[in-house]
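Presented below is the structure to which this report refers.
The values are calculated or read from the model by the stated rules, or taken from the named source; none is laboratory data. Everything numeric here is computed off the predicted structure, so don't read it as measured data. So basically every Cβ, Gly included, is an ideal-geometry build from the backbone, and we count neighbours across all protein chains shown. Just so you know, the surface numbers come from the protein's heavy atoms only, side chains and all, with ligands and any DNA or RNA stripped out. Shrake-Rupley method; radii C 1.70, N 1.55, O 1.52, S 1.80 Å.
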Amino acid sequence: MMTSNADGWARPELICETDWLAEHIDDDDVVVLDCDLLDAYLRLHIPGAVWSLSRYWKTDPRDDSQIYGMSDPAQWAQLVGRLGITPDTTVVGYDGSGSLYAARTWWTFDRFGHTNFKILHGGLDKWYAEGRPLSRQNLRPRSVEYPVPPAPHDDSICRLDDIPGAIEDDNHVFWDVRSDGEWTGANKRGTQRGGRIPGAAHLEWLETLEEPVRTLKPAAELRQMLADLGITPETTVTTY
């Protein structure tokens, strides 16, 4: 078991604790996926981890037949197969960036129906802080055939055309997870206009983590933080 229901998580199966990974790291049906930048992977990573090729799993932004940021099913299956992952594989994703990239990778796997993907709680920071082994070996996994999944479900996507109606919906909350500067518009991040979606709630994603190893804050505390934003189990939430 990854973590106890006593911790209060609604989906404890999505979290992998470091103790569990240390015990199962050599299991044939487990693939450890380093989701960080390539230079970070080459510098140090968990032994046996493979690099995830593309931390965003993005399509070519010039291909306007696809939603930017979404691989098509055939492309995704090819990428996953090159990592030695089959539909029966338990994938444990991690990074050294507060699980930012690991969470994005989990989302893409979930969209294509590979639900057995877990995020290492605390990522590389916690693994390192506990004195666990590290490696510099660039592992090249054995490529396997991953069946092309059906078209991904789109219930986890909010398109631009959906936003005007959602803004008027009292049960729909836009959660802006960016920095304070991006929220106010002071930091435009190279875009033409700064600012936010009207009516959006703001809580930077880093505020959900405990320092120094960036584990999630306790479930009860997170629930209260979200409730203060108007986010409850009854609301529809769109993050950006």
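A few remarks follow.
- Residue list for region 209-234, restricted to those being part of a loop (DSSP other than H, G, I, E, B) and either basic (K, R) or surrounded by fewer than 16 Cβ atoms within 10 Å (Cβ to Cβ) (or both): E211, P212, R214, K217, P218, G230, T232, P233, E234
- Meets criteria (under 18 Å from the mean Cα position of the chain (by Cα), more than 29 Å from A220 (Cα to Cα) and at pLDDT below 95) for S65: no
- Any chance T115 is closer than 25 Å to I157 by Cα and part of a loop (DSSP other than H, G, I, E, B): yes
- Scanning region 115-163 for residues that are of a type in the set (S, T, N, Q) and either within 22 Å of L37 (Cα to Cα) or touching a Ser or Thr at 6+ places or on another chain (Cβ under 6 Å) (or both) returns N116, S135, Q137, N138, S143.
- In this entry, R132 passes the filter for residues that are modelled with pLDDT of 90 or more and at negative phi.
- Filter result (open to solvent by 70 Å² or more (accessible area, probe 1.4 Å), more than 23 Å from the chain's Cα centre (by Cα) and more than 13 Å from Y41 (Cβ to Cβ)) within region 126-143: P133, R142, S143
- Selection within region 195-208: residues that are in contact with a Gly (Cβ under 9 Å, 6 or more places away or on another chain) and open to solvent by 40 Å² or more (accessible area, probe 1.4 Å). The member of this set that is farthest from G165 (Cα to Cα) is L206.
- Scope region 6-36; condition basic (K, R) and either modelled with pLDDT of 95 or more or touching a Ser or Thr at 6+ places or on another chain (Cβ under 9 Å) (or both); matching residues: none
- Scanning region 170-191 for residues that are in a loop (DSSP other than H, G, I, E, B), surrounded by 12 or more Cβ atoms within 10 Å (Cβ to Cβ) and touching a strand residue (DSSP E or B) at 6+ places or on another chain (Cβ under 9 Å) yields V177, R178.
- In region 150-164, the residues that are part of a loop (DSSP other than H, G, I, E, B) reach residues that are surrounded by 11 or more Cβ atoms within 10 Å (Cβ to Cβ) and not aliphatic (A, V, I, L, M) with C-beta atoms within less than 6 angstrom, at least six apart or across chains, in these pairs: P152/R111; P152/F112; C158/T238.
- Any hit, region 103-111, residues being among the hydroxyl-bearing types (S, T, Y) and in contact with a strand residue (DSSP E or B) (Cβ under 8 Å, 6 or more places away or on another chain): yes
- Residue match in region 150-162 (condition: at pLDDT 95 or above, open to solvent by 50 Å² or more (accessible area, probe 1.4 Å), over 24 Å from the mean Cα position of the chain (by Cα) and not small (G, A, S)): no
- Contacts under 9 angstrom Cβ, first residue in region 22-44 being assigned to a loop (DSSP other than H, G, I, E, B), partner among the basic types (K, R) and open to solvent by 20 Å² or more (accessible area, probe 1.4 Å), 6 or more apart: C35/R55; C35/R104; D36/R55; L37/R55; L44/R136
- Hits in region 77-93 (condition: open to solvent by 10 Å² or more (accessible area, probe 1.4 Å) and among the hydrophobic types (A, V, I, L, M, F, W, C)): L79
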